[in-house]
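A short write-up of the structure that comes next.
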Amino acid sequence: MVAKKFDVLWKLEEHTKAKHDILVQYMKAWLPIMSRISNQILYIDAFAGPGEYLNGEPGSPVHFLETIKHHNANLNCQINCLFIEKDPKKHHHLQSITSRYNDLPNVKIRTVCGSCGDIITKVLKNFENRNKSMPTFAFLDPFSYVEPTMDMVKRIMKFPKCEVLINFMYEEANRFLKVDHQAKYYDSVFGTSEWRNICKISDSKIRKQQLHDLYLNQLKNLANINYVRSFEMKNKKNTTKYYLFFGTNSYSGLKKMKEAMWKVDPLSGYTYSDYTDKNQLTLFKPEPDYYQLKRQLVDNFKGKTVPIEKIENFIVVNTPFRETHFKKPILREMEKSNPPEIQVFTKNKKRRPGQYPRGTIIKFI
Ligand SMILES: C[S@@+](CC[C@H](N)C(=O)[O-])C[C@H]1O[C@@H](n2cnc3c(N)ncnc32)[C@H](O)[C@@H]1O
């Protein structure tokens, strides 16, 4: 494996900020929801890093602690933080940074120097032995493609109310895909050897899509995760660096994560590039591609009569779009068009186009 020449701290890149933004946005929602349903919660940052970047910018553990510190909600459960870092020097740095937060009420910080595989195994064994777990969010953010294994993800997701956010190091994996002695790593990261056939594909776009889809399907089918959503991070050359994969068994968790992703990418909700001219985005008000969503709705529902809830579920689960994207921008226009493209059935006689409360039935003409 190619060793990176970082000592303890390294430069913060734009796409890393975007990754932290997604994490923080989601944690703002996760913390109060989980603290309402449980008196103990666990946040694992399994590849925690040194806690800060070269110019003093916060690393992911600090982002999490700052989110707790500045949260408006009353977080009155015990928040257990487990920060794991393998490199002793980075771990030492992390410890000194996180110790600044030791006086946060209800927060228990544990930093461990070691390999996350071993440490997470101990945590999960403890859950198993007590036949009891707690809502857990595991951020798995490695440098390289050798971890986390699919088996580890599966074991985490076996417990109720556990979620994962995984950095799938596509660029690294793609670069080393043909190196034979690395094969064992990919087999355990993917939980299958099917990737070997994919890496024979010469078209890099197709290869990328298929590796992405294989990983996503393995998370769903092997790790048994109900909902999986990905977010693509591109570097300054606009090529894919990694994908963040979010896995949850909670429909509302999925909605909250998509909200976080759309905050970072207001155009499509699934990608960020260091290459994009951010001034362009401020000149033009970013708008989702409603045309594309309408096409997906029509393709899926044409000729069918369906409850509004089913349409929302389709959008949230099967498309990158959000539940906020379809009523006014799409259904209202379809209802008002001449001739109408949908028919609306509702008990509410005062309803106006654009309003589709629960219980509304839509017929796609
Ligand atoms: C991408 S960096 C983490 C960055 C950090 N999550 C952030 O956003 O600020 C990955 C870190 O994982 C550490 N690491 C690598 N293998 C590990 C393992 N098996 N267990 C725990 N930490 C590991 C590396 O030393 C490195 O500091």
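Before moving on, here are some points about what is shown:
- Sorting 205-215, 143-153, 41-51 by average packing, meaning the other beta carbons within 10 Å per residue, from highest down gives 41-51, 143-153, 205-215.
- Derived value for region 152-285: Kirkwood hydrodynamic radius 16.0 Å. Basis is the mean of 1/r over every pair of different alpha-carbon atoms.
- Flagged links, alpha-carbon separation over 30 Å, of Lys302/Lys347; Lys161/Lys294; Lys90/Lys236: Lys161/Lys294
- For the pair Lys349 and Ile206, label points projected 7 Å from Cα toward Cβ lie 6.0 nm apart.
- When the pairs Lys208/Lys241; Lys89/Lys241; Lys86/Lys158; Lys28/Lys122; Lys17/Lys234; Lys86/Lys258 are compared against a 21 Å limit on Cα-Cα distance, Lys89/Lys241; Lys86/Lys158; Lys28/Lys122; Lys86/Lys258 fall above it.
- Peptides ranked, highest mean first, by Cβ atoms within 10 Å: ranges 57-63, 315-321: 57-63, 315-321
- All alpha carbon pair distances within the chain were sorted into 10 Å bins beginning at 0; the resulting P(r) in whole percents reads 5, 22, 30, 25, 13, 5, 1.
- Protection proxy ranking for 348-355, 160-167, 104-111, using the average of other Cβ atoms within 10 Å per residue and placing the highest first: 160-167, 104-111, 348-355.
- Here region 19-113 is treated with +1 on each Lys and Arg Cβ and -1 on each Asp and Glu Cβ, and its dipole about the Cα centre works out to around 200 debye.
- Once backbone amide H atoms are built at 1.01 Å from N, Gln78 has Gln40, Ile41 as its partners under 5 Å, excluding neighbours fewer than 5 places away on the same chain.
- Dipole axis of the chain (+1 Lys, Arg; -1 Asp, Glu on Cβ), positive-most option in Phe231, Ala18, Leu267: Leu267
- Positive-end residue, region 5-273 charge dipole about Cα centroid, Cβ charges, pick of Ser60, Ser35, Tyr242: Ser35
- Rounded to the nearest 20 debye, dipole of the chain from Cβ charges on Lys, Arg, Asp, Glu: 1320
- When region 135-230 is described by a simple charge dipole with +1 on each Lys and Arg Cβ and -1 on each Asp and Glu Cβ, the residue from Tyr170, Phe159, His181 located farthest towards its positive end is Phe159.
- Area projected by the alpha carbon convex hull of region 290-364, averaged over all directions, nm²: 4.5
- Whole-Å distance, taken between Cα centres, linking region 101-158 and region 40-65: 14
- Helix 14-37 and the longest principal axis of the C-alpha atoms of the chain enclose an angle of approximately 80°.
- The Cβ shell under 11 Å around Tyr185 holds other residues with a net charge of -2, Lys and Arg each +1, Asp and Glu each -1.
- Nearest 10 degrees, 0 to 90: helix 88-98 Cα axis against the chain principal axis: 60
- Straight-distance candidates among the aspartates and glutamates for linking to Lys256, with alpha-carbon spacing under 18 Å and chain neighbours fewer than 8 residues away dropped: Asp21, Glu163, Glu232, Asp265, Glu309, Glu312, Glu323.
Values quoted throughout were computed directly from the atomic coordinates according to the rules given, and no laboratory measurement underlies them. Treat the numbers as computed from the prediction; the structure is a model and nothing was measured. Cβ: placed from backbone, ideal geometry, glycine included. Neighbour counts: every protein chain shown.
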